[in-house]
Amino acid sequence: MAGSDLFTGTLDLLILKAVSWGPRHGYAIGRWIRDTTSEDVIVQEGVLYPALHRLGRRGWLAEQWGVTDTGREAKYYSLTSDGRGQLRAETKRWSRFSSAVSKALTSSPA
Amino acid sequence: MRRIIRRSDLRDDSARDVSDELRFHLEMRTQEFIERGMSPEDARRAAARAFGDMGAIDAALRHESVLRDRYRARRDRLHEMVADIRFALRTLRKNAGFTAATLATLALGIGAATAVFTVVNGVLLRPLPYRDPSRLLMVWMSSKQYGEELPLSSGFYSDLAAGTTAMAQTAAFRSWRYTFAPSNASDAEQVEGARVTPSFFDVLGIRPAIGRPFNEADAAVGAPPVVILSDALWRRAAGGDRAVVGRQLEMSGQRFTVIGVMPPGFSFPRGAELPAGLAFGARTQLWTPMGFTEKDRQSYATQNMAAIARLRPGASAPQFHTTITSILERWRLAVAPKLDLHYSVATLIEQAGEHVRRGLLFLLAAVGLLLCIAWANVTSLLVARTTRRRREFAVRAALGAGRARIAAQLVTENVILALAGSMLGLAISIWATRAMLALVPGSMPRADDIAIDWRVMLAVSAAALVAGIAFGLAASTQAGFAHVASSLRDGTRSATGRHSTFGRRALVVAEVALSLMLLIGASLLTVSFARLQRVEPGFDPSHVMTAAVGLPVPGEFNPKRDGAEWARFFRGLQDRLSQSPGVEAAGGVSALPLADAVESGSTSTIGEPPPIPGKAHFTEYLVTEGDYFRAMRISLLGGRTFNGTDVAGSQPVVIVNREYARKYLGGTATALTHQIRVFSDFSGGRDARSVVGVVDNVQSGALDGPVQPQVYLPEQQMNYPGLAVVVRTRDDPTAALTLVRQQMKETDPRAALDHPRTMQRVFDESLARQRFSMTLITVFAVAALVLAMIGLYGVISLMVNNRRREIGVRMALGARTADVLRMILAEGAMIAAVGVAVGLVGAFALSRLVSTLLYGVSPTSVAIYTSAALLTVLVTTAATLAPARRATRVDPTVALRSD
């Protein structure tokens, strides 16, 4: 349901990135991902929520109910210090991986 | 973002939480679509479509929430436990007095019990370090006249071995000392060895770690001499070099080829496990082969070897005993029908523990009592503490702590106490085990088999854990938070109803009783020990240095060949020693009193009809040289001691002791007119010897042994290759050791010296086992008494506290200080009296257990029972005194106002 491991890892990384500037609620996180990835990553928006909860369970996200600017109750997610470390490590891994893959895909036959 | 607190932050309500979250998402998304110009209806549909498969996402979320709940529960439990432990440590630290008392009591009880059990385990219970040790039997001979556990002769052994091959494999062995210089640089020393038949290592089931065991060819007459070394001797003499096999060693003037090295720890036969008469060293260090010639197989007279048998599968000890008995019976009918000799067998493990079993079991019982007292004290301390904390529990219950939470808290506290106490106890036990063994150097059988057993450690820790949990649960039922309201209202007063004080009093009564029993046991052993120490040994041990000095005996023991040389050596050594400065007198003896195994044999009086077999004059016989009697200050009662004229070729002479003279020669006065014949005399011809002197009796075997007839023969007329040299000095006797060493070397450089010590130490070491039992039980008794004191003090203190109001009322109504004091003391005296009564009955009931350990004191001695009871009463009264005095200082106005 959550897609391949590649997908899961990517989604997790994007979620962590989305909250790296401060607490956001689920809808805002989804919207940020949609906006910045031209809707290429998220096919079903609902998939976001199991991922958020999983990251919360792992101690990378903290959850807190709060009130939005429009006065509505929403659950906010923020990055924990463990989460920040994870974000840093995953970012590094991702860029290494993606550059390696793109290098391979653009190379000519040896 | 403004923070709000939702119910889900406090308590798990994840289902509602999730649905709220998803609803918020959908509404926001719908809003987004509306803003893009969709109708609300279309926008909602679009939002749902964008969200995706609701069913699948819902399932994923549910799965996630299950995982999360599980994780949270685990984290909460961990937090709770950490909090419990923290709180317990804080509470224990705050009540330092209680904690210290409990820990000390637990550590003492567990430490002492574990140490004693470790020794009992090693000596009596653990299997011996040989293959299948339960099938090993020791074979002895016994006789009504000569006693039990007698060695066999080569003739008896050969018959037995030949007749039992179907049911057992047998081996014979005897002690043999070798003079041996471990290296070129060091002096020759005497090494404890054993000569063994080739089957010896097979019977024990232990093979050499390096090299090979003996075979029949090694034991044949004229075979080149070979030796097997112990691991310890191999390391000392060959530096642990594995290439030692095949190398030659010079021992006792002969060259032996090393053919093997035994594994570490193997040192059978070990002296403390076998009858002293066989004269084995504490650990055998080397083995040489022993074979029998046809003549040896026919020789029944000289009983000098031990026999061991391994039963074959299917054979039993009684069956083996029956078989060897019938072999002996056949021989007896043919050769000596009236001879009073029988076979006895004992399993090796019985043999090893036999002499100490009773003493050790007694100590085990004693330490068991101590452990009971410790338990009683700890229980009583914990119960008292719980009752005192009732208000605390009530407050916590009122604040919402569940029964389970408080129970968990109590269990945590008690488990920490129990575990810490047992760890301390185990540490103490390791130290105490060593200290115990140091009390009995060399005389505790199987001392090498005593080791801290991890199974014992594990059992102790597990028991402590279970006890901690049990105490915690018991205390939590006592905590009384079921009646929160009444506990809070009544404060501490109601916390000590009749019920719990009765329990505590019963515990203290038991403590007093048990400690009195221990005190009586300790007093009995102490008095017995004092009596033993005052036994007149027949010699004066002060200012005497002694050491075993011997010449090497190459090959067989042959006095005819070498005797003159031995006599010359000892005469020369004595002459040099007695002329040395600081030496008052010097001499030598074949068996040192209270230390060495003395030889025994028969004598007859010249002029009387030859003794009928079994009625010969049985006596201990000793060979002396020089001024032995003066050096040991053995009183001369009549006649003279040996002098320079008593040499080979002159009139054969003998000196007898008072007991011999009384028993066989009609008293000291008439003894000097007689001549006697000593049958074990190998000097030549068994000449008639004139009795030239009568000396006082000497306790040769043990201080509590019977007085035996003794005869002394001069070295010059009956040659021995090894004597214990004794030197009486004017000052410090230990200084004489260098002198003896030096004079010995100068007299004959081949001579070796061994076992140097003062005679005072010989005397003290002969009492080592008694001192061991006495010291331990005294320590236990004192510890028990202190614990009982603490227990009684606790009970009375608590009682005084509980009755403050009552005492206040009494004092307000005109009771005087003395009345109050009397009232409290009476309470303590009651408990003590009941305890003493129970203790006296208990001690009397157990008196039979201790009777065999005592010398010169009755196990039911009225004087000891009375004084121990008085001491107990005194000590317990002292324990009640402090709380009683506190009671008299109760201020009625304060007591009445307070809760």
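FYI, it's all coordinate maths here, none of it is from the lab. A quick note: this is a predicted structure, and the numbers were derived from the prediction, not measured. In this analysis, Cβ positions are derived from the backbone assuming ideal geometry, glycine residues included, and neighbour counts consider all displayed protein chains.
Laid out as a table, the results:
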| quantity | calculated |
| --- | --- |
| Amide H partners (placed H, <5 Å) of B:LEU637, local residues excluded | B:VAL694, B:VAL695, B:ASP696 |
| Dipole moment magnitude, nearest 20 debye, chain B about Cα centre, only Lys, Arg, Asp, Glu C-beta charged | 3860 debye |
| Net dipole in debye of segment B:719-872 [+1 Lys, Arg Cβ; -1 Asp, Glu Cβ; about Cα centre; nearest 20] | 380 debye |
| Exposure proxy order (Cβ contacts within 10 Å, fewest to most) of A:ARG58, B:ARG310, B:ARG49 | B:ARG49, A:ARG58, B:ARG310 |
| Cα centroid separation - segment B:643-718 against segment B:719-739, whole Å | 23 Å |
| Relative contact order (percent, whole number), chain B, Cα cutoff 8 Å, 6+ residue spacing | 15 percent |
| Three-way shape call for segment B:16-137 based on the alpha-carbon gyration tensor, with the a/c threshold at 1.5 | oblate |
| Peptide-level mean, for B:23-33, of C-beta atoms on other protein chains within 10 Å | 4 |
| Rounded, prolate or oblate (a/c below 1.5 giving rounded, otherwise prolate when a/b exceeds b/c) for segment A:30-71 by Cα gyration tensor | oblate |
| Footprinting exposure proxy for B:MET81, B:MET811 (fewest neighbouring C-beta atoms within 10 Å first) | B:MET81, B:MET811 |
| Helix B:498-533 axis, angle to chain B major axis (alpha carbon atoms, nearest 10°) | 20 degrees |
| Between 0 and 90°, nearest 10: helix B:348-388 axis offset from chain B longest Cα axis | 20 degrees |
| Ranked list, fewest to most other Cβ atoms within 10 Å of each Cβ, for B:PHE173, B:PHE570 | B:PHE173, B:PHE570 |
| Mean-position separation - Cα centroids, segment B:335-384 and segment B:761-818, in angstrom | 29 Å |
| Alpha-carbon centroids, segment B:237-312 and segment B:568-582: separation in whole Å | 33 Å |
| Cα-based helix-to-principal-axis angle, B:736-747 vs chain B, degrees rounded to 10 | 40 degrees |
